[in-house]
Amino acid sequence: MYTDLELFNFQQFESDLKTDTPKPKIFCNALNQGHNILQERFQAHKNVTSYVLQRSWLIDQIMLQAWQHLCTFQESNQLALIAVGGYGRGEMHPHSDVDLLILSESTLDTETKSCIINFLQFLWDLRLKIGHSVRTLIECEQNAVADITVVTNLIEARLIIGSESLFQAMQAAITPDKIWPHKELFAAKIEEQKKRHLKYHDTTSNLEPNIKESPGGLRDIQMIGWVAKRYFGATTLYDLVQHGFLTEKEYQVLSKAQEFLWDIRCRLHFITKRNEDRLLFEYQRTLAKEMDYEDDESGLAVEKLMKRYYRTAKKISTLNDMLLQFFQEAILYADAPATVYALNKRFQVRNDFIEVTHVHVFRNYPFALLEIFFLMQEHPEIKGIRAATIRLIIQCNYLIDNVFIKDLKARNLFVEIFRQPQGLTHALRRMNRYGILEAYIPAFGKIVGQMQYDLFHAYTVDQHTLFVIRHLRRLTQPEFSHEFPFCSKLIQTIPKLELLYLAGFFHDIAKGRGGNHSELGEIDVLDFCHIHLLSDYDARLVGWLVRNHLLISTTAQRQDLDDPDVIKAFAQTVQDTVHLDYLYLLTVADIRATNPTLWNNWKEALLTTLYHKAHAILHHGKGQNKQLHIDEIQRKARLLMKTSEGITALWSELGDDYFLSSTPQDVARETEAILKQDFPIVLEREGDKGSTRFILITQNCDYLFAATTYFLEQQNLSIVDAYIISTESQYIISGYTILEDKIRSVMRVKDILEGLKQALLSDNKTRFLPIRRYIPKQLKQFPLPTRVTFTQDHIHNHTIMELVTSDRPGLLSRIAETFVTCQVRLKKAKIATFSCHVEDIFFITNYSNHALYSADQLDSLRDKLSELLDEDMPK
């Protein structure tokens, strides 16, 4: 029996109990002394396995002493103190819950109840986190029948002190022949795991994973242990090696993976001083430092830590998948009659699962490592791969080498997998899980587990890549056509879908290498296309898509889509409608697969607007005649108006930008309002899908932008676009586009109109107080120093200012306030928020409506913005 007198000195403890020192203090001192010793050992030796086992032993000693000194039952042999859950397994981290079952043979009398209450209260006073239940033997059995989690806890039960016969009776009462037969329990646990995985998006690659509950977490290892213990009577994972379900190598992989997750969990508890299993951003940097990772040219320390975590989780998930498949065959299908039919001489299907015809298939026919996934696409009735074949796939990965890639059969199979009309997503997920993708395309192996330390990218690069293809495939399915009707219709016109999928597969393959990942990815995909004998045209198309996969997003979010020159330049880059169609679909899938919160109606409207305007140019072979378009808008507006007096003079002052961004109905209504001279005028204009635009017409006011944005931001409204048009008649027309969901949820449109009017009538010369609002902890982990750059647009006579900084409440009004201080006038703004930071574009002039050419003025503006915004940085 293990004894550690340094950790818990029995003789000293008994001696202390004979003194006048209060018992709670003696127990607390012993417990704290043991914790301190354990922490010192851990810091010195980094042996987390010893830590969790020794802490469990320490807690055992405290339980034994407390029970013996506080529970003086007349019939103590009729009670049992039992450790369950993680404590039952003997796995105790610094702040793990201490789960106890107090088992009695019959209903407790008043005296015994009182004694147990005192016992539990004493443990709580020691600041142990106690999870407990007090049950009779019959109640225990009834609860286990009703709740799968109860029987799982009892499977791991361990007697601490009390009646051995009662404990054995409890174990006998929950055997498979009494409750939860093997098949029922296994099916229930599989369903429980599926639901748990779905809670975490069914991926090992969440940016803030729960190291216990997420796919590939500790719970997946425990799942294996529960089934093994229930079905095989295994007491340790190593017993599965003796039963032939695990190889020695697989056992070592699983053990090292568990040890790594234990290490993280232990340190998380030390850092947070609580039972914390979420690997949140606020802890990741600290953990990386404690675990001796360092920043260098290959990446940030935190990215290295997380990459190891994701790769570890992937290994656990793969072994969990394989072992549960083994158990399924042994438990669910053991007595089922075998239905076997051949697919070819290498593969057959047994009870709906594919398997090799003999163990040497992959060694004799290496290309079969790809063929198996192709066959599953051809035969969607196949439910999965048998466990022994999964093991062979993993063991034979080494066969995928340069010779393998030169094999024409292998190359054809890989491309054919992308050409199949069904099953591509599932095939690639399995190929990634079993290591085929990174073996066949080594560049893909470099992005497996590669995270980007920000809030914008919600998944690792490899998972994001597979999600892109999943979203593209979803567009081809009729049952999902209601989600994105235009995209679903457009994808039906794509001549070669495999080129679109290949572009999705390679678009981010060079992430994390340094340099421009789009350009490096183009080189990789061109090499791939040539090796796999794609035509020159197809290769160039896929390479162009990879190189330009951000083109639509950056153009739509950073440039003025009402400017015909912008659309013309974009169309020239795209070249033709075929490239446009492919690129548009890739862009939509890329955005949706980056972060579930990124896509909204406004973003869809921006992309669709750019697509249709560019398509008109590419389809008709020439761009829109700006002047003819303006003349047509004005002609239609005149027909809607009751008077023509003063219209021509007014319109001559408004400039082209106003008419290019307005409908005839907008022009007619706003012209009539201006001519009435009842300033300020505030109107609602129907915006693009997912947005509402507010038009403000007022007399010239330098504080217009600041006052307006301050009011809107006070209401927690999201401004995504703004423009200001000055006229010679000393009045200004400005427009602000607001995300529609914010409007509907925060306040009525009528209230916004009235609030804007009051903001314009108020004294706007006072410095605005910063807007204070709750900032999520996540945002505070990514402080981004303000970066301001300027470029000159000589054609339009304005300066383009790009500002990158951390997002926070009231940001836009603070920028507007700085414009006033530096005597800068806004013409147009494009607001783009990427989770925790913004990348905003401002088209600005001086008060004479000319570009800012003065270096002193530009430096002053940059310095004041940096000073003001960095001062307000979320903390």
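Here are the numbers for this structure:
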read-out	value
Largest-first ordering by accessible area, 1.4 Å probe, given options His132, His837, His182	His132, His182, His837
Cβ-Cβ FRET estimate between Gln857 and Leu550, R0 fixed at 41 Å, reported to 0.05	0.80
Near-label residues of the range 118-159 by backbone N, under 19 Å of a point 7 Å along Cα→Cβ of Gln68	119-120, 122-123, 159
FRET E, pair Leu868, Gln665, Förster distance 41 Å, beta-carbon r, rounded to 0.05	0.55
Viscosity 1.306 mPa s, 10 °C: Kirkwood-radius Stokes-Einstein D of the range 557-625 over Cα pairs, µm²/s	126 µm²/s
Solvent-accessible area per residue for the chain (1.4 angstrom probe, square angstrom)	44 Å²
Local electrostatic count, Lys314, Cβ distance below 13 Å [Lys/Arg +1, Asp/Glu -1]	+3
Karplus (6.51, -1.76, 1.60) ³J(HN,Hα), θ = phi - 60°, over the range 525-530, in Hz, Gly and Pro reported as x	6, 5, 4, 4, 4, 5
Globularity index of the chain, i.e. its alpha-carbon radius of gyration over 2.2 N^0.38 Å	1.17
Qualifying GluC sites (Glu not before Pro) in the range 64-143, DSSP loop, other Cβ atoms within 10 Å at most 12	Glu75
Dipole axis of the range 134-238 (+1 Lys, Arg; -1 Asp, Glu on Cβ), positive-most option in Gln142, Tyr238, Ser163	Tyr238
Ordering of 606-618, 43-55 by burial proxy (mean other Cβ atoms within 10 Å per residue, highest first)	606-618, 43-55
With eigenvalues of the C-alpha gyration tensor scaled by 5 and rooted, the range 56-128, Å	22, 13, 10
At R0 = 56 Å, FRET efficiency that the Cβ-Cβ distance of Asn364 and Glu208 yields, to 0.05	0.80
Under 13 Å, Cβ to Cβ, from Ala338 - net charge with Lys/Arg +1 and Asp/Glu -1	-2
Net dipole in debye of the range 678-737 [+1 Lys, Arg Cβ; -1 Asp, Glu Cβ; about Cα centre; nearest 20]	120 debye
Counted charge near Lys289, where neighbours are those whose Cβ lies closer than 15 Å (Asp, Glu -1; Lys, Arg +1)	-3
Full-extension gain in nm, Glu378 to Ser298, via 0.36 nm per residue minus C-alpha separation	24.7 nm
Furthest towards positive pole of dipole, Ile271, Val253, Ile221, structure part the range 213-287, Cβ charges	Ile271
For the chain, calculated [θ]222 nm from helices alone, where every DSSP H run of n ≥ 4 adds -39500 (n - 2.57)	-17000 deg cm²/dmol
Percent of beta bridges antiparallel (DSSP, the chain, rounded to nearest 5)	90 percent
Global form of the range 258-414, assessed from the alpha-carbon gyration tensor, a/c cut-off 1.5	oblate
Size of electric dipole in the chain: Cβ of Lys, Arg +1 and of Asp, Glu -1, about Cα centre, debye, nearest 20	860 debye
Cα convex hull of the range 208-293, projected area averaged across orientations, nm²	6.3 nm²
Extension gain, Gln11 back to Tyr231 (0.36 nm per residue minus Cα-Cα distance, nm)	74.9 nm
The range 510-612: projected area of the alpha-carbon convex hull, averaged over directions, in nm²	7.4 nm²
Ratio Rg/Rh [Cα only; Rh per Kirkwood] for the range 1-107	1.00
Sites matching trypsin sites (Lys or Arg not before Pro) across the range 619-674 that sit in DSSP coil, with at most 13 neighbouring C-beta atoms within 10 Å	Lys622, Lys642
Anchor Lys750: aspartates and glutamates whose Cα lies under 17 Å away (excluding residues fewer than 8 positions away in-chain)	Glu684, Glu686, Glu713, Glu740, Asp741
Lys, Arg +1 and Asp, Glu -1 on Cβ, resulting dipole of the range 143-267 about Cα centre, debye, nearest 20	140 debye
Cα gyration tensor, the range 443-486 - rounded (a/c under 1.5), prolate or oblate	oblate
Heavy atoms of His93 accessible to a 1.4 Å probe, total area in Å² rounded to 10	0 Å²
Rg/Rh for the range 439-535, where both radii come from Cα atoms and Rh is the Kirkwood radius	1.01
q = 0.10, 0.13, 0.22 Å⁻¹, the range 643-763: log10 I(q)/I(0) [Debye, one scatterer per Cα]	-0.29, -0.49, -1.37
Protein accessible area in the chain, 1.4 Å probe - carbon and sulfur %	50 percent
Value in Å of the Kirkwood radius, where the range 24-178 supplies the Cα pairs that are averaged	16.3 Å
Cleavage-rule hits (trypsin sites (Lys or Arg not before Pro)) in the range 254-305: DSSP loop, at most 16 neighbouring Cβ within 10 angstrom	Lys273, Arg274
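The values are calculated or read from the model by the stated rules, or taken from the named source; none is laboratory data. Just so we're clear, the structure is a prediction, and the values are computed from it rather than from any experiment. Note that each Cβ is placed from the backbone with ideal geometry, even for glycine, and that neighbours are counted across all protein chains shown. Heavy atoms of the whole protein, side chains included, go into the accessibility calculation; ligands, DNA and RNA do not. Shrake-Rupley method; radii C 1.70, N 1.55, O 1.52, S 1.80 Å.
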